[in-house]
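Enquirer: For reference, the structure I am asking about is given below.
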Amino acid sequence: MKFGVVVFPGSNCDDDMIFALRDVLGQPAVKLWHKSHDLQDCELIVLPGGFSYGDYLRSGAIARFSPIMQEVIAHAQKGGYVMGICNGFQILTEAGLLPGALLRNTNRKYICKNVYLKPITRNTLLTQGLRTDKTYQIPIAHGEGRYYAPPALLEEIRAHDQILFKYCNQAGAITEEANPNGSVDNIAGICNKKRNVFGMMPHPERACHPMLGNTDGYQLLASLIEKVLV
């Protein structure tokens, strides 16, 4: 599978993602400039973390109108795979490719630490190789990571099995104390109804190699290419 990592002004996790995909997973991966209209025949487009356009207005609000997003949206609408991590997740909600919104953390502070995730469904490319009876330690780094959906939309998301991950403690219990940012229902990641667009706040690319002190993120990314270590 060929991956394309979009680079916006202010992206700062693009090289991390290229390293994870190309050097760790051994997949073809290229950078895609935000002003381009060429997806270079990439099968899966990644919107990486960072602070696109300085997070002016609100996170992802300006990046959503970058020229390349016209192609990313068209790619998704045709069934192509798109994944957004942290700022990329914010951009996907702003673009209407994923439901809901990412709001300021309840403590109004930027949070950077390791958290635990519990996979909620295995019915997506991103989670197909994960175990729902296991927790995965993945770092977060955000100030606007509180996922929100109004009650009716939240029920729809649940009904369509769109919740990918929830914040939990090390034992796998989904508790208020394990929720780092106040996300509704402890949600850490979701997909669209067609199951080809994924968004998550934690950074698996920052936990994909022994030199990073954690390889749990490898298992998430490897699921994309059906090369999972369990």
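The values are calculated or read from the model by the stated rules, or taken from the named source; none is laboratory data. Owing to the predicted nature of the structure, the values given are computational and were not obtained by experimental measurement. Cβ sites come from the backbone with ideal geometry, for glycine too, and all protein chains shown count toward neighbours.
Enquirer: How many residues does segment 32-64 contain that are part of a helix (DSSP H, G or I), within 18 Å of V197 (Cα to Cα) and not charged (D, E, K, R)?
Expert: Count: 1.
Enquirer: On the basis of being touching a His at 6+ places or on another chain (Cβ under 7 Å) and either under 23 Å from Y148 (Cβ atoms) or crowded, with 17+ Cβ neighbours inside 10 Å (or both), does I85 make the cut?
Expert: So I85 passes the test.
Enquirer: I've got another one for you. Give me the residue from segment 120-145 that is in contact with a strand residue (DSSP E or B) (Cβ under 6 Å, 6 or more places away or on another chain) and farther than 25 Å from G60 by Cα and, out of that set, surrounded by the most Cβ atoms within 10 Å (Cβ to Cβ).
Expert: The selected residue is L130.
Enquirer: Kindly check whether there is at least one residue in segment 84-99 that is assigned to a loop (DSSP other than H, G, I, E, B), under 12 Å from the mean Cα position of the chain (by Cα), modelled with pLDDT of 95 or more and of a type outside the set (S, T, Y).
Expert: yes
Enquirer: So, in segment 117-127, how many residues would count as being assigned to a loop (DSSP other than H, G, I, E, B) and either of a type in the set (A, V, I, L, M, F, W, C) or in contact (Cβ under 8 Å) with a residue 12 or more places away in the chain (or both)?
Expert: Total meeting the criteria: 7.
Enquirer: Among the candidates G4, G10, single out the residue that is over 22 Å from M211 (Cα atoms), crowded, with 22+ Cβ neighbours inside 10 Å and within 18 Å of the chain's Cα centre (by Cα).
Expert: G4
Enquirer: Next question. Of everything in segment 13-27 that's in a loop (DSSP other than H, G, I, E, B) and touching a residue at least 24 places away in the same chain (Cβ under 8 Å), which residue is nearest to the chain's Cα centre (by Cα)?
Expert: For segment 13-27, the residue satisfying everything is C13.
Enquirer: Which residue out of A152, A74 is over 30 Å from G172 (Cβ atoms) and outside any strand (DSSP E or B)?
Expert: Criteria check complete, one pass: A74.
Enquirer: Suppose we keep only residues that are farther than 16 Å from A141 by Cα and in contact with a strand residue (DSSP E or B) (Cβ under 7 Å, 6 or more places away or on another chain) within segment 192-213. Which one would you say is surrounded by the fewest Cβ atoms within 10 Å (Cβ to Cβ)?
Expert: Applying the filter and picking the extreme gives N196.
Enquirer: State whether one or more residues within segment 197-218 are more than 19 Å from E94 (Cα to Cα), touching a residue at least 60 places away in the same chain (Cβ under 8 Å) and hydrophobic (A, V, I, L, M, F, W, C).
Expert: yes
Enquirer: Now for a separate question. So which residues in segment 156-191 are out of contact with any strand residue (DSSP E or B) (no Cβ under 8 Å at 6 or more places or on another chain), assigned to a loop (DSSP other than H, G, I, E, B) and not aliphatic (A, V, I, L, M)?
Expert: Residues satisfying the conditions are H160, D161, E176, E177.
Enquirer: A further question follows. How do the pairs read when you match residues in segment 39-51 that are closer than 18 Å to D15 by Cβ and at pLDDT 95 or above with residues anywhere that are crowded, with 18+ Cβ neighbours inside 10 Å and charged (D, E, K, R), using Cβ under 7 Å and keeping only pairs 6 or more apart or on different chains?
Expert: Qualifying pairs under 7 Å: P48/D14.
Enquirer: Within the bounds of segment 101-116, is there any residue that is of a type in the set (G, A, S), assigned to a loop (DSSP other than H, G, I, E, B) and modelled with pLDDT of 95 or more?
Expert: no
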